[in-house]
1. Looking only at helices (runs of 4 or more DSSP H) that fall completely inside region 474-571, which ones have 1 or more residues that are more than 18 Å from Val444 (Cβ to Cβ)?
2. For region 555-608, which residues satisfy the criterion of being of a type in the set (Ser, Thr, Tyr) and out of contact with any Gly (no Cβ under 9 Å at 6 or more places or on another chain)?
3. Go through region 461-509 residue by residue and tally those that are closer than 20 Å to Leu393 by Cα, without any contact (Cβ under 8 Å) to a residue 24 or more places away in the chain and among the hydrophobic types (A, V, I, L, M, F, W, C).
4. Within region 509-522, take every residue that is surrounded by fewer than 20 Cβ atoms within 10 Å (Cβ to Cβ) and more than 28 Å from the chain's Cα centre (by Cα) and give me the one that is farthest from Asp542 (Cα to Cα).
5. Take Asp367 and tell me if it is surrounded by 13 or more Cβ atoms within 10 Å (Cβ to Cβ), of a type in the set (Asp, Glu) and in a helix (DSSP H, G or I).
6. Please count how many residues of region 312-325 are more than 17 Å from Glu362 (Cβ to Cβ), part of a helix (DSSP H, G or I) and at pLDDT 75 or above.
7. Read through the list (1) surrounded by 22 or more Cβ atoms within 10 Å (Cβ to Cβ); (2) in contact with a His (Cβ under 8 Å, 6 or more places away or on another chain), then give the number of the only condition that Asp727 fails.
8. Can you tell me how many residues in region 609-633 are polar (S, T, N, Q) and without any contact (Cβ under 8 Å) to a residue 40 or more places away in the chain?
Amino acid sequence: MCPMQSLTNCAKYCKEELGMETVEDPPSPLLPLTFGLGIDAKLYNGGQSFENLIDVTAVPEGGSDSTSIGSLLNLPFSSLDSANYDPIEHLNAIFSSPSSLSSVSKTSKALRTYQHELDDEIAARVQQQSASDVDSVKRIQAAKADLAGLFQKVEGVRQRAIETEEAITEMTADIKRLDNTKKNLTLSMTALKRLQMLTMAYEQLRGLSSSRQYRECAQLLQAVIQLMAHFKSYRSIDQIATLSRNVSDLQREMLEQVCEDFEITFAKAEVGQRRGMLAEACLVMDALGDNARSRLITWYCNTQLREYRQLFRGSEEAGSLDNISRRYSWFKRMLKTYDDEHAALFPPSWRVNELLANAFCEGTREDFKGILQRSARRSDGQTLDVDLLLSCLQETLDFEHGLERRFTNTSRASMDTLSSNDEKSPIFSQAISEAFEPYLSIWVEVQDKHLSTMIPKYRSQPPRQLDEEFSPQMVISSSTELFSFYRLTLAQCAKLSPGARLVELTKVFAKYLDQYAQQILLYYVSERPSGQTPSKTPQIEDLVLVLNTADYCYNTSTQLEEKIKSRIDHDFKSSIDLQSQADAFMGIASATVRALVRRVEVDTEPIWREMRNTGWSKMESVGDQSSYVGEMLSRIKTRATEILGMLHKQQYARAFCDNVVELTANAYIANIFQCRPISEVGAEQMLLDTYVLKKGFEDLLTLTSPPNTPTPPGYIKRVAQSMSRLDPILKTLQVRPSPPEALVQAYLIHIADKTDANFRKILDLKGIRKQDQAHLVELFQAHRASPRNEGLQQSSPILTPLVVGGATGGGGGVHIPTGLPSLSTAASLSTSNLPARFDPSTFGSAIMTAARDGVDRFGTPALGSMANTPADSRMASPPPMGRRAQSPDIPPLQGGNLNVGDNLRNIGKFFKRDVGGFGRFGGGGGGGRGEDG
């Protein structure tokens, strides 16, 4: 046989006869030749190399036929038993060369011998398992038989238990019958006994009631009522029904008899002589039940108050509000009479004196309602006397308080706090004063009128007296006076009516808080006419006073709101809101900070003029910083040192420094456009100047701090972000216009917008003539349309707000909303715009415009590039001119449609959120300047 064919048959045999996977095609005859060429074959299982196998050709010719496959192949049996065994790979390893094919027959014989051994072993195992199965079946059958026997025994036990129970039942049947007989007999005897007791008690009760022995009657009556309750189910029996009717008739007779005794005794004024009998009669009424007791108490209250009603309702003079004290004096005498003469008649549990007071209060309340209604409808046009109304109400509240203290044995809630530890609700709260509730609006109107006279008086006063020494913690005295009045009025109103009237008073409070913010504080901040001068700039001390006062009013307004909510009725708490007024005071604080920054702006105006007069287009080389930079830093730091020394709260010091940096950055951009044309060297010099300014601003916040105080990292980051807005313009101006592609590419990289108008502004800054700009604009449009420039922003937030005038050179005009200059424009209103007095509406609108145009915080530049700002540093800020508002807290400005109050509240919300990031807002001292918010 051909060696190649033998190898193929051997592979098939190993696959099919030994249970291995069958192969669809026999191995290629070239496979052994491939291995014979020296390829290092590996056994699939065991990882042994070909060199570790015993060459089958080394088997002696006379070797025993019993040679095992293991000894032949030097391979563990577990290799053949493996689930991943591959016979083809195994054979290739054995017959690795054509010379080894001579041992195919021996290998086949060894495999066949191994197969027979496996068959024998399998047969032995099967026989052993069969014998084991027979034993298991026998054990299962035996267990079933045992269970059947157990069930039979259980059933036998159950049957015997049933038989035993039947036997016991037959034995005790007679005993059960005797028990039932005994029970019925006991019930019958009990019923007969109770019937006998009821009959005897009824007869005795009739005799005792006729002789008015009420103490014994009360005891017997209780017994009769209890016994009668046992016979409700026997009323179908005629005798029981008759007895029940007789008992009911006797109860009615006793009720009428006791009431008659009380009426006769009180009519004849013999209470003292018959006090004992009447006290015992009350015991009878107690036994008769609640209805009888209520009838007697109602009669007593009506009898005692009959004189009161005749006296104060029959006479218009006696019943007027002027005589309200006589009403309460009369009832106090009545209570004294009760304590001295009548208290012993009634059991203490009846609380007759409290019910008498309730009846008095109800009647008096109805009287007052009628009196007040008639007074309000007077035909002569006169209204209620507010002083008389408040006097009567105060006296009524004192009377109610006295009743509360008398009948609860614990003092009612404090009139100042309206808080009580006693969980029991007040008994006489508003028992009479409720009648005054609808008319307290008159009192609220009086408070409104009084406050309306206070505001003009405060406005006519200076922020501080000339002889008063200034302190950084001072506030304007009128603010403390206003809130003191609020506290006293609140305490009085909460005592008079902690309900709807307190809501009305809160609205009055809110009204005059708005007026104080707009007409007093904002008036102090504004630049206004004074004597022969068109405007007068407020002093720094006055501005700091206004800032402290605005902060004080913000905190106190919030506390006032919480105080009102704690004292008003629960149903009205949702109507109390002074947050708008608090936000308005924050708007004043923001305006004051801007007014302080305005002082810095005025100081730097000559410096900007020097910058504009510099020949930026004629510079030949970049030197040290420009001369105007050092003078600018010197003036800014001098003024900042003066102002920061007066600010005792860190959040306002930080706000001031941030605004100064913003002012400088915005003003620098505006002046860049007024310095055109600017050469490449001039732009490089400006870039160096801005770097010097940035470094100078980094220690601005710590000018008044102790030496070696570190600057807050957040402030340094803020300065870098603000000043970096200048870089895109200056870096673009550094590029020469030739070649033109370089200038276009520089614009697309630094400015990064698609607007032709903005590109022309850069060309104007470089001094390129109009006729030379057309080619550059076309080139710009071509590069802009490139796919790689699709991500450019539509318009630059730096250049878009700028409006360049037609003039050129140093005197060229440019308009830029720099934020703080807008504030100065609004603050420096001319006298022609103020014919009578300062109109704060324009000023407030300008404040809001300034906030939206140029003043922002934490990395959202008003005129800077958002693209260069890290995303994590961008926090909510007012958008610049020409950009949509990004903060939901600040609605878009609507020009004249928003009054000054709305503007102040809007900017106050922003400023509160902004300044609050530097620390706990509205707290005490500002803390160290070195701490970062």
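1. Output list reads 477-496, 522-525, 540-567.
2. Passing the criteria: Thr556, Ser557, Ser566, Ser574, Ser575, Thr592, Thr604.
3. Residues that pass the stated criteria total 1.
4. Among residues in region 509-522 that are surrounded by fewer than 20 Cβ atoms within 10 Å (Cβ to Cβ) and more than 28 Å from the chain's Cα centre (by Cα), the one farthest from Asp542 (Cα to Cα) is Gln515.
5. When the stated conditions are applied, Asp367 passes them.
6. Count: 4.
7. The failed condition is (1).
8. 1
The values are calculated or read from the model by the stated rules, or taken from the named source; none is laboratory data. Since the model is a prediction, treat every value here as computed from it, not as a measurement. Note that each Cβ is placed from the backbone with ideal geometry, even for glycine, and that neighbours are counted across all protein chains shown.
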